[in-house]
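Written out below as structure tokens is the structure these notes cover.
Bear in mind that the values in this text are calculations on the coordinates, not laboratory data. What you see is a predicted model, and the numbers here were worked out from it, not measured in a lab. Every residue, glycine among them, receives a Cβ derived from its backbone with ideal geometry; neighbour counts consider all protein chains shown.
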Amino acid sequence: MYRFPLFCSIMVLVAALSGCNGLEAIGQQDISGKPTVYAQVNKEPDPKLVGCYVRSRPSEYNRPNKYEYCLVKAGSGYALYYYMMDGKSLNTFKGWTGATINGNCLTADYDGSTYCAQNGEVMQTTTGSNDAHRMLPMN
């Protein structure tokens, strides 16, 4: 009798959390398949860059973009699975994208965002900005 309202409440909560940084957009099933594009490796990546990360929510923005990435070792190379949601228009990209890896930094071909390992953390800088934002490990 009360199952349907409870189910609806749970679905509303899940939808609300997915609109913010509450849930990750990239799941294990996304990165388990064969990549469709590989990164150009100029210098092997800092081990800190390898794995999955989500950008922390910058407090200075009202509706910030959301960024997630997974850099995976694929055969003898590396591949970047990427998620980006524009906070204002809610347009999204999710999928494999090319990247350039230069040791402690990688740059996503999709939007030119750069991710660098610095002082034991991964920091993200968007194209046209000098502001660096901390990335948090996922899972």
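Some notes on this structure:
- Using a cutoff of 8 angstrom between alpha carbon atoms and counting only pairs six or more residues apart, the relative contact order for region 75-134 works out to 18 percent.
- Straight-line cross-link partners of residue 66 among the lysines, defined as a Cα under 21 Å from its Cα and at least 8 positions apart when in the same chain: 48, 88, 94.
- Rounded to whole Hz, the Karplus (6.51, -1.76, 1.60) HN-Hα couplings of region 64-78, x for glycine and proline: x, 5, 10, 10, 9, 8, 10, 9, 10, 7, 10, x, 9, x, 10
- Potential lengthening between residue 89 and residue 121 on full extension [0.36 nm per residue; Cα-Cα distance subtracted]: 8.6 nm
- Per residue, the average separation of C-alpha pairs within less than 8 Å and at least 6 apart gives region 26-137 a relative contact order of 27 percent.
- Measuring r between the beta carbons of residue 42 and residue 131 and using R0 = 25 Å, the FRET efficiency lands at 0.50.
- 20 Å Cα-Cα reach of residue 43 towards aspartates and glutamates, excluding residues that sit fewer than 8 places from it in its own chain: 109, 121
- Cα centroid separation, region 55-94 to region 96-139 (Å): 10
- Computed label-point distance, nm, for sites residue 29 and residue 59 using a 7 Å Cα→Cβ extension: 3.7
- Our compactness index for region 26-137, the C-alpha radius of gyration over the empirical 2.2 N^0.38 Å, is 1.00.
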